[in-house]
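Throughout, read-outs are computed from the coordinates displayed, never taken from laboratory work. Remember, it's a predicted structure, so these values are computed and weren't measured experimentally. Cβ: placed from backbone, ideal geometry, glycine included. Neighbour counts: every protein chain shown.
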Amino acid sequence: MITLRQTDFSAADLDQIRFIFQEYADALGINLSFQNFEQELQTLAQVYGPPRGCVLLAEDKHQRVVGCVAVKPLKEAGVCEMKRLYVSPSQRNTGLGRQLAEAIITFAREAGYTTMKLDSLQSLTAALRLYEQLGFVTTAPYVYNPLPEAVYLEKSLR
């Protein structure tokens, strides 16, 4: 059984977030330095902390972290960004990605956001299918991403 929980950014949570975010980055196989990834790992509570941010972790019955997703505010009022949606290989094709995405969308709505944005890669076809099913549509680039296969999406939360 998989459970989702909102982190409280305790020392133990920070270690788990860093672990699964690093697994995510390793799985992508690209250099995330353009996103200041190493700095992000050191300032997780500042980037994703309450009241406007959130990190959700998915844990298996042994309390191993097998997935994650986060949200953070963007500069534009009412707009947030979904970040780091990831499911470990052992849990793929189980619906966990959808469960995580739906949970972070619900958090964002309840936090008062009106629009959610994200960037992804054309090669992440399963993720792009999920985003489309959840109502995300193509939008203009809103953050710097030097990768030619970058895709920018947004969803109204109203």
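Across the alpha-carbon atoms of region 3-113, the computed radius of gyration and Dmax are 13.3, 40 angstrom. Near the amide H of CYS54, within less than 5 Å, lie the amide hydrogens of VAL71, all on another chain or at least 5 residues away, with H placed in the peptide plane.
Full extension of the chain between ASP15 and GLN35 gives 5.2 nm of extra length, using 0.36 nm per residue less the Cα-Cα distance.
ARG129 versus GLU59, label points 7 Å from Cα toward the beta carbon: distance in nm? Spacing of the two 7 Å Cα→Cβ label points: 3.1 nm. Bridging of LYS72 to lysines at a Cα separation below 18 Å is possible for LYS83, LYS117, LYS155, once same-chain residues fewer than 8 apart are set aside.
Rounded, prolate or oblate: which one fits region 89-158, using the alpha carbon gyration tensor with axes a ≥ b ≥ c (rounded when a/c is under 1.5, else prolate when a/b beats b/c, else oblate)?
Numbers: a/c = 2.05, a/b = 1.03, b/c = 2.00.
In terms of gyration-tensor shape, oblate.
Amide hydrogen proximity for THR139: with H placed 1.01 Å from N in the peptide plane, the residues at 5 or more positions away or on another chain lying under 5 Å are TYR152, LEU153, GLU154.
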